[in-house]
Structure formats: C-alpha cells, structure tokens
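Q: Below is the structure I would like to discuss, written out as structure tokens.
The values are calculated or read from the model by the stated rules, or taken from the named source; none is laboratory data. In this text, all values refer to a predicted model and were calculated from it rather than measured experimentally. Cβ atoms come from the backbone with ideal geometry, glycine included; neighbour counts cover every protein chain shown. Only protein heavy atoms, including side chains, enter the accessible area calculation; ligands, DNA and RNA are left aside. Shrake-Rupley method; radii C 1.70, N 1.55, O 1.52, S 1.80 Å.
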Amino acid sequence: MNVLVINAGSSSLKYQLFNMDNEKILAKGLCDRIGLDGHLKHKPEANGKPVYDEDISLPTHAEAISAVIEKLTSDEYGVIESLSEINAVGHRVVQGGRKFSSSVLINDEVVAAIEDCVRLAPLHNPANLMGIRACQKNIPNVPQVAVFDTAFHNSMPQHAYTYPIPYKYFEENDIRRYGFHGTSHRYVSDIALDRLGLKSGSSKLITCHLGNGASLAAICDGKSIDTTMGVTPLEGVPMGTRSGSIDPSLVDIIASIEGTSLKDSMDVLNKKSGVLGIFGKSSDFRDIETAAGMDINTGFEKEGAPVDEKAKLALDVFAYQVAKFIGAYIVALGGLDALIFTAGIGENSPYVRRAVCKHLEGIGICLDENVNAVRASDYLDVTGKDSKSKVLVVPTNEELVIARDTIEIVK
C-alpha cells in the first residue's frame, strides 16, 4: 500500500510518498510560495529518475496538490503509474484540542472539529485544513487521516496541563497546555524503549526535540506526562526565533517601549526573539556555533578562532534552559532511564548536546565527549562511563509515524 503524507503550511506544502509494504520513501518534495509566484521541488527516491526543481504557478493549495500528483505519475519524474496507486493520505494537523487523543479518519465531523481548533492555532490549523480540502478535491475517493501534533500529550495529568489562571478559561475556552511535536516525541521514545529493552516494563524518558522549534517531553511508561510547549508553540525553551517562557508582562512592556500594539509585541516574541534575538544575525545554530568559535562537526572549540560574545551567550542561554527543564522533568518522573536528543539540532549539534549535559553532571548525567563528536545518521549511544542514565541520539521520523497511523486506521 502507498501512503501520501501531507504537511501543509500557509504558503507551502511538504509531501512524502511511502510504500508501506517496506516503509520506503518513493518520492518527496516541497511546494513553496503558494499564492505568490510558486515553486516545486520534487525528488524521486525509488527509481533513479531526475529531480524536478522549477518555478510554477501555484495560486492555491489545490493547484499544489494537482502539481504533486502530476509529478508523482509523470513518465519523466514519476514513481507510480496512476492516481489509483495512492491508497491513502495522511495529514499532519497541528492542533487537535481536547477532542482528539489519537489519529482519526477524516470526515465532515472531523473537519468541523479541526475548524473549531483554529482559535487555538490560528497560524497552523487553517493551513492544515487547506491541505485536507485540496486533497479531497483532487483525490476524492481516497481515505484520508488526520494525525495530530497534540494527541500524544493528551495523556498528561490534569495538574500538568492546567494553567494557574481563572478556571473558566479552561471550562469555556479550552485553554490548557497541549504541547506539540507529539509525533516526534512518540517516535523517538518508542525507538529508545525498544533498543533499551524497556518496552514492556516501567520506564522514565526525557525526549528533547531540538530544532528551530524546540520542545521537551517527560515520558513515563510510554506516555507523555508533561511537555514544555503550551497552548501555543511559544512556551518552553528558547528556540530559533521564539522566546520560550518569559515574564508575561514583557508583552505589554515591549509594546510600550516600541509604541506598538500587543499583536506587534507578540510578533517580536514569535519571530525576532530566541537565539536570533540574542545573537542578532541568524537563528541557524550552525552560524551561531561558528561565530562562537566552535567546530560544528565535533562540538569542540576551534583553537584561535574569534568568538562573538553574543553568539556564545545565545548558546549558553539555550543550553541552560534546556538543562533546567530536564532537571524539572527528572523530578516529575521520579528518576530517569534515558535522555534522548533528536531533530535538527539534537541530532546534528555535538556542541549543544555537550553543553546541555555539562549542566547535568552534578546530578550524575554525563556523555562520552569523543563518541558525542559524531553526527548521528542512526541511533547513537553517547552515554558517559559513569552516567546514572543513558544519553542517546535518535533521529526522528515524523512522516513515517503519520504514514503508519494512516495505514493502521485505513486497514
């Protein structure tokens, strides 16, 4: 069976086509600048056909899906012969609210519920809905499944997801901690549990999804009991451009300083803060580590390299905040079997892993710096000799989780 996985943004649409008989990627690509000038990059993975990388007209997501189907089935770039070989479509949906604790087959009621969650995720859910509707229009007879970022964290206990604000906002408006990156936290924790032989027993894991967006999760016996992101992806650790958790009064203070609206102030916290706000030149950790005098391949300092103090500070703030949440989650879990790093930074930055674990040495968690100085292409155990818990690098695969859920539900 072939499953098309769709991740729709406001002006973009990422896709991967899986053969679920062997879980291999047949093709993947990106429709970018939808509604503007339009661009499609399509990469066949299965049969050695050429990459398509051209500007094309993409007025809406419907045209984007049409272009994807055309490339998937074309003689020159295709990996399937016809549309009939797409057996199901799995959609990433960011916010499922209180309604969805697992993935679901999409019908009119599900679409209406996703629409109701737009108030909780006004930047993401509308785009996800555009992807769903575009597929319904272009592939009308193929079953479609919604896989929610928030679903994995619906196992959190009430004391973990409740905000200390008037309770009516939860009762009447569904305001609570939801968390995100659920498919990633779920995937890497399952891999770790399997590799460590903890699948059927008691287990305590902390997963660190560290990318341009970053979140941590405390996972007890395979279930999320707490996570750093909240009702939106702004809460938690500092990120590429997001501030993470700060004094809420700063929203009003920044608006007063700048003489702008609260919305403009929120834009500062979402788009101009995090490591970009401190460093001032880039939100890319490779740029920041290089400016701080680090070798991005090993995580060690380059002898004699100039050091930009703001770059160093940005890295210090990030590592400290990540370590602080890890400490809090060890308390929440009552111990720790394994600390797991994943996503773009977690998998590819030996420096960040080392800097985070330096803060944890006082509670007995350390890594092997020589093993850590490796870019992980697969599962990598970087545990230090005397560490009280495992330290692992586990590459994530959110698209595969979506494809697996889709097949399970369709079957």
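Q: Which of (1) surrounded by fewer than 18 Cβ atoms within 10 Å (Cβ to Cβ); (2) under 18 Å from the mean Cα position of the chain (by Cα) does V118 not meet, given it meets every other one?
A: Result: V118 fails condition (2) only.
Q: A follow-up question, please. Quick one: in the range 237-274, of everything that is basic (K, R) and surrounded by fewer than 19 Cβ atoms within 10 Å (Cβ to Cβ), which residue is nearest to I191 (Cα to Cα)?
A: Quick first cut of the range 237-274, residues basic (K, R) only: 242, 263, 271-272.
Going one step further and asking which of them are surrounded by fewer than 19 Cβ atoms within 10 Å (Cβ to Cβ), we end up with 263, 271-272.
Numbers: K263: 40, K271: 33, K272: 35 Å.
Among those residues, the one meeting the criterion is K271.
Q: Go through (1) modelled with pLDDT of 95 or more; (2) of a type in the set (A, V, I, L, M); (3) assigned to a loop (DSSP other than H, G, I, E, B) and name the single condition A160 misses.
A: (3)
Q: Restricting the first residue to the range 363-379 and requiring it to be closer than 21 Å to G327 by Cα, which pairs with a second residue that is assigned to a loop (DSSP other than H, G, I, E, B) and hydroxyl-bearing (S, T, Y) meet a Cβ separation below 8 Å and a spacing of at least six or different chains?
A: Listed by first residue and then by second, the contacts come to G364/S387; G364/S389; I365/S387; I365/S389; C366/S387; L367/S387.
Q: Now for a different question. Can S155 be described as in contact with a strand residue (DSSP E or B) (Cβ under 8 Å, 6 or more places away or on another chain), surrounded by 24 or more Cβ atoms within 10 Å (Cβ to Cβ) and under 21 Å from D221 (Cβ atoms)?
A: Working: in contact with a strand residue (DSSP E or B) (Cβ under 8 Å, 6 or more places away or on another chain): yes; surrounded by 24 or more Cβ atoms within 10 Å (Cβ to Cβ): no; under 21 Å from D221 (Cβ atoms): yes.
No.
Q: Could you list all residues from the range 206-236 that are closer than 24 Å to D284 by Cβ and surrounded by fewer than 23 Cβ atoms within 10 Å (Cβ to Cβ)? Break it down into steps so the answer makes sense when it comes.
A: Step one: of the range 206-236, the residues closer than 24 Å to D284 by Cβ are 207-216, 228-229, 232-236.
Residues satisfying the conditions are G211, N212, G213, T232, L234, E235.
Q: Also, quick follow-up: Filter the range 19-66 down to the residues that are of a type in the set (A, V, I, L, M, F, W, C), in contact with a Ser or Thr (Cβ under 9 Å, 6 or more places away or on another chain) and assigned to a strand (DSSP E or B), then identify the one that is surrounded by the most Cβ atoms within 10 Å (Cβ to Cβ).
A: Filtering the range 19-66 for residues that are of a type in the set (A, V, I, L, M, F, W, C), in contact with a Ser or Thr (Cβ under 9 Å, 6 or more places away or on another chain) and assigned to a strand (DSSP E or B), the one surrounded by the most Cβ atoms within 10 Å (Cβ to Cβ) comes out as C31.
Q: Okay, moving on. Would you tally the residues in the range 275-319 being part of a helix (DSSP H, G or I), out of contact with any Phe, Trp or Tyr (no Cβ under 8 Å at 6 or more places or on another chain) and open to solvent by less than 40 Å² (accessible area, probe 1.4 Å)?
A: Of the residues in that region, 4 qualify.
Q: Given the condition part of a helix (DSSP H, G or I), under 21 Å from N173 (Cα atoms) and over 25 Å from the mean Cα position of the chain (by Cα), answer yes or no: does some residue in the range 146-156 qualify?
A: Looking through the range 146-156, none of the residues is part of a helix (DSSP H, G or I), under 21 Å from N173 (Cα atoms) and over 25 Å from the mean Cα position of the chain (by Cα).
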